[in-house]
Amino acid sequence: MKKITMFHIEDCRYCDFARKAIEELRAENPAYKEVEIEMINENEHPEIIENYDYWSVPSLFIDKEKIFEAALFMPYETVKDGVKSAFDRALEQ
């Protein structure tokens, strides 16, 4: 099982969507509760974010591979699908 790294900021609508999706998906699938998610606030850790390639938050990575990156006007369901993809990839052997 691999760890997910999620870059976020406070007061971000799409980051709130991702946090909500994480809770919902973990309630729907107990296996997702076992996946570690490292939450990194990009405003607090600029030394970390310079090592990753993304433009917007939330962005989810496994190792250095971007699995999902939100975009303006993205609906909640699309964000949830992106978070689910990250969970599924993290569970792959």
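Laboratory data are not the source of any read-out in this text; all were calculated from the coordinates shown. Everything quoted here is computed from the prediction, not taken from an experiment. Quick reminder, even Gly has a Cβ in these numbers, built from the backbone with ideal geometry, and neighbours come from all protein chains shown.
The numbered conditions (1) surrounded by fewer than 16 Cβ atoms within 10 Å (Cβ to Cβ); (2) of a type in the set (D, E, K, R); (3) farther than 15 Å from Met1 by Cα are all true for Glu42 except (1). Of all residues in the range 24-64, those satisfying the criterion of being under 12 Å from the mean Cα position of the chain (by Cα) and charged (D, E, K, R) are Glu36, Glu38. Exactly one residue out of Ala27, Ala86 is aliphatic (A, V, I, L, M) and either touching a residue at least 60 places away in the same chain (Cβ under 8 Å) or crowded, with 18+ Cβ neighbours inside 10 Å (or both), and it is Ala86.
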